[in-house]
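Working notes, beginning with the structure itself.
Since every read-out is calculated from the coordinates, none of them should be taken as a lab result. None of the values given here were measured: they were computed from a predicted structure. Here the Cβ is made from the backbone with ideal geometry for all residues, glycine too, and neighbour counts use every protein chain on show.
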């Protein structure tokens, strides 16, 4: 099971690294878009720092996700992007993209659930007492 988990996490991480690198190098073909989808993408491109930021988060999150020691952190780093990918596919590309987006989102949630104990110190009541 440990090997299967590593392979799934490796593929997950590589997919996000690839998506992040594409935001800088533009090597993947651009799919056909309807007018609404095209307007959204044009708006994203007008905010000049948005795509480089998302690409950087995808690359860092993907790398962290691959390394078992840092996987719990990588899962949190990549969660907002995975959520955005899922929301985007539900809204603009329900047929071709939703399956992959949903699988990636579920893998992300699985790794978060699998590492739940690592997150508990961030929200434990002992730390809250120290801050108060």
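Against the globular-protein guess of 2.2 N^0.38 Å, express the Cα radius of gyration of segment 2-119 as a ratio, rounded to two decimals. Don't jump to the answer; show the numbers that get you there.
On the way: Rg = 14.7 Å, N = 118, 2.2 N^0.38 = 13.5 Å.
For segment 2-119, the normalised Cα radius of gyration is 1.09.
For the chain, what is the relative contact order in percent, using Cα pairs closer than 8 Å and at least 6 residues apart in sequence? All intermediate terms of the calculation are to be shown ahead of the outcome.
Details: 108 pairs, mean separation 31.8, N = 132.
Averaging sequence separation for qualifying contacts and normalising by length gives 24 percent for the chain.
Under a plain spin-label model, where a point goes 7 Å from the Cα along Cα-to-Cβ, how far apart in nm are residue 90 and residue 103?
It works out to 2.0 nm between the two label points.
Testing the spin-label approximation: label points 7 Å from Cα along Cα→Cβ at residue 28 and residue 1. State their distance in nm.
The answer from the label model is 3.1 nm.
Report, in deg cm²/dmol and to the nearest 500, the calculated mean residue ellipticity at 222 nm for the chain, where each DSSP H run with n ≥ 4 adds -39500 (n - 2.57) and the sum is divided by the residue count. Don't skip to the answer; put the middle values down first.
Numbers: 7 runs with 107 residues, N = 132.
After summing the helix terms and dividing by the residues of the chain, the value is -26500 deg cm²/dmol.
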